[in-house]
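Here the structure comes first, spelled out in structure tokens, and everything after it is commentary.
Each value in this text was obtained by applying a stated rule to the coordinates, not by laboratory testing. This structure is a prediction, so every number in the text was calculated from the model and none was measured. Here the Cβ is made from the backbone with ideal geometry for all residues, glycine too, and neighbour counts use every protein chain on show.
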Amino acid sequence: MKIVLKLQTLAGLLSLLFVCSHATADSIQSLLPADVIINHDAGRGNELFVTLRSEDGVDLLFNIDTGFPLTLIDKSLEPKLGKRLGTRTVATLQEKQKSGVYAEPKLYIGNTPLITGSNIFTFDFGQLSFRCGRPVMGILGMDCLKHHCIQLDFEAGKMRFLNPELTNTNELGKSYPIKLTEHGPVMQHAGLGVGKDTSLQIDTGFFADGRIKKGAVKGLDSGLQQLTECVWDGKSYTNLNVLAGENVDALGLKFLARHLVTLNFPKGVMYLKQTSVGPLVDEVFETGTAYLSKIKKAGRLPGWANGQKGWCGFPGVSSNSATFNFRKDGDSSAYHYLLCRATKDDSWKLQRAWRTDQNDKLMEEYSVP
């Protein structure tokens with residue numbers, strides 16, 4: 001099924017104008033959700049998450065994805081969603097599933113309800129949870145986000161809901177007109193591969209710096225590539241990871257995280273204020289994967305033979321320990337490695353290694369060298 005983002009109706013726009021004309025800025029601000037904490041590793045290689053609250057008071061971890069038209073919720077919550085309205089095929093970048101359609105439940109930031117769409121789709125988030133190292137329970141898509149003015153402050157680790165009638169916009173950086181399409185918000189601007197202006201997507205659901213079309217940068221034909229240096233809109237950036245050979249140009253989460261980002265969807269404008277030239281780095285992920293890669297090359301990583309390939313999810317972290325989770329190509333089981341260190345300044349050491357099946361049942365415990 002091709003899912004098309006449904007834009008606000010004329011009636012909805014008139015209603016918004018009516019409210020804004022009869023309310024003070026302070027009264028509108030009092031109706032907005034409070035600031036919400038975002039995960040520290042957002043834009044540092046991981047996805048962007050915030051905690052929402054269901055109507056029955058349960059905290060639910062949601063991915064914030066401006067590149068996705070719908071709001072999805074984990075299939076485990078179907079018994080709480082009421083009557084099933086239908087079945088649709090829903091595809092993310094990683095996978096495609098048959099999903100149930102239900103009336104949209106109320107979702108809250110604290111005690112403040114979000115303005116959402118009319119329907120919600122269910123999805124099995126097992127794979128995304130594994131990749132991101134935390135129990136993902138949903139994706140908040142543009143059917144909800146388009147109603148709000150949100151600010152992503154990666155330095156402060158917060159997502160803010162702002163009054164769309166913004167004041168002091170000079171403090172927000174440069175403004176860019178954006179338009180809502182079935183592919184999410186887009187702006188007419190050159191992509192990270194430079195070149196001519198194009199329909200450049202703004203995609204917080206894409207973990208890397210962005211996507212570039214084939215041939216946009218000489219020598220970068222396909223796959224995940226690195227741009228050592230890039231000048232975009234007159235500003236310099238270094239060490240960008242881009243997915244080359246795509247049929248679209250897009251700015252992804254790692255690029256956006258180098259800025260204070262204000263997405264005023266009701267007014268159709270984005271503000272970017274550069275805060276970092278280089279990429280934001282998650283120290284645990286960078287040092288931990290470097291250590292595991294080193295012992296793997298030395299043939300000392302339990303469960304892995306020379307030449308075997310796979311991928312690593314983001315680790316679960318607790319104080320000075322971290323559990324890294326791997327999957328091998330063509331292998332449905334998961335490989336887990338617990339690393340520990342006395343302090344942040346010490347080196348990692350492998351403390352435990354084990355393998356589980358698809359249901360997280362222990363299959364094998366490895367001896368640690």
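Taking trypsin sites (Lys or Arg not before Pro) as exposed when their DSSP state is a loop state and no more than 15 other Cβ atoms lie within 10 Å, the longest site-free interval of the chain runs over 107-213.
In terms of Cα to Cα distance under 12 Å, which aspartates and glutamates are near enough to residue 344, apart from those fewer than 8 places away along the same chain? Partners within reach: 283. Of all DSSP bridge pairs formed entirely within the range 176-257, close to 75 percent run antiparallel. Per residue, the average separation of C-alpha pairs within less than 8 Å and at least 6 apart gives the range 283-366 a relative contact order of 20 percent.
The alpha-carbon of residue 218 sits under 20 angstrom from the alpha-carbons of these aspartates and glutamates, leaving out residues fewer than 8 places away in its chain: 197, 209, 229, 233, 246, 249. Once the Cα atoms are used to define both axes, helix 283-297 deviates from the longest principal axis of the chain by about 30 degrees.
Adding -39500 (n - 2.57) for every DSSP H run of four residues or longer, then dividing by how many residues the chain holds, sets the calculated 222 nm ellipticity at -3500 deg cm²/dmol.
Under 5 Å from the amide H of residue 198 lie the amide H atoms of 189, 190, 191, each residue being 5 or more positions distant or on a separate chain, with H modelled from the backbone and absent for Pro and chain starts. Calculate how steeply helix 10-21 sits against the longest principal axis of the alpha-carbon atoms of the chain, using the helix alpha-carbon long axis, and give the answer as 0 to 90 degrees to the nearest 10. Helix 10-21 and the main axis of the chain meet at about 80 degrees.
Separation of the alpha carbons by more than 20 angstrom is noted, of 98/146; 254/294; 83/106; 106/267; 297/349, for 98/146; 254/294; 106/267.
Amide H to amide H, with H built 1.01 Å from N, residue 124 comes under 5 Å of 75, counting only residues 5 or more places away or on other chains. When you filter the GluC sites (Glu not before Pro) in the range 107-200 for DSSP loop state and at most 16 other Cβ atoms inside 10 Å of their Cβ, you are left with 155, 165, 182. Calculated FRET efficiency, residue 222 to residue 155, Cβ-Cβ distance, R0 = 35 Å: about 0.55 to the nearest 0.05.
Computed from the C-beta positions of residue 179 and residue 213, the FRET efficiency with R₀ = 30 Å rounds to 0.95.
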